[in-house]
Amino acid sequence: MKNFYLPIVLAVGGNLLYHLSQKSMPKAANPVFIITIAYLVGILACVLYSFAYPSEKSFLDTLRESNWAVYGMGLGAAVIEVGFLLAYRAGWNISTAAVVCSTAVTLMLIPIGVVAFKEHLSVRNVVGLLLCMVGLVLVAKR
């Protein structure tokens, strides 16, 4: 049970820290340099995590086995970082920006999951998604 919930707890905790940090960034600082510094801290954290999460593959082995998805994830993460930083600077509230973004992304991923990954949606899932769409409209309106 611990291994099932722990990753979600980590993701939720990381998201909380991420959004609180993004909302608290110095307004006058260059956004690209802020992201660069943040990624350097993230790289250091990953290096330290590598000692606690041993693997049979070395860093170089993993680098050689990497495909487009690894680089796409890095690019996507950087675009997300800049997007949220600029959204918060443009006046988005911390209480709605993440909800709007996550709901919009979820709604776009549904057809991709069904078509590309052969995932199935139950009637309950569809009802929940319809409620998400209504919620997105209500939350995003000014």
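Figures for the structure shown
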{"item": "Matching helices (runs of 4 or more DSSP H) fully within the stretch 59-121 where at least 1 residues are outside the structural domain of Tyr18 (by TED's automatic domain parsing) and either closer than 29 Å to Tyr49 by Cβ or of a type in the set (A, V, I, L, M, F, W, C) (or both)", "result": "94-116"}
{"item": "Contacts under 7 angstrom Cβ, first residue in the stretch 1-29 being surrounded by 10 or more Cβ atoms within 10 Å (Cβ to Cβ), partner of a type outside the set (A, V, I, L, M, F, W, C), 6 or more apart", "result": "Gln22/Tyr88; Lys23/Tyr88"}
{"item": "Failed criterion for Phe84 (all others in (1) without any contact (Cβ under 8 Å) to a residue 40 or more places away in the chain; (2) within 21 Å of the chain's Cα centre (by Cα) hold)", "result": "(1)"}
{"item": "Residue that is modelled with the lowest pLDDT [pool: residues in the stretch 84-107 that are of a type outside the set (Val, Ile, Thr) and exposed (fewer than 13 other Cβ atoms within 10 Å of the Cβ)]", "result": "Ser95"}
{"item": "Selection from the stretch 6-36 of residues that are under 13 Å from the mean Cα position of the chain (by Cα) and farther than 19 Å from Cys101 by Cα", "result": "Leu10"}
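The values are calculated or read from the model by the stated rules, or taken from the named source; none is laboratory data. Not measured: the values here are computed from a predicted model. FYI the Cβ positions are ideal-geometry reconstructions off the backbone, even for glycines, and counts take in every protein chain you see.
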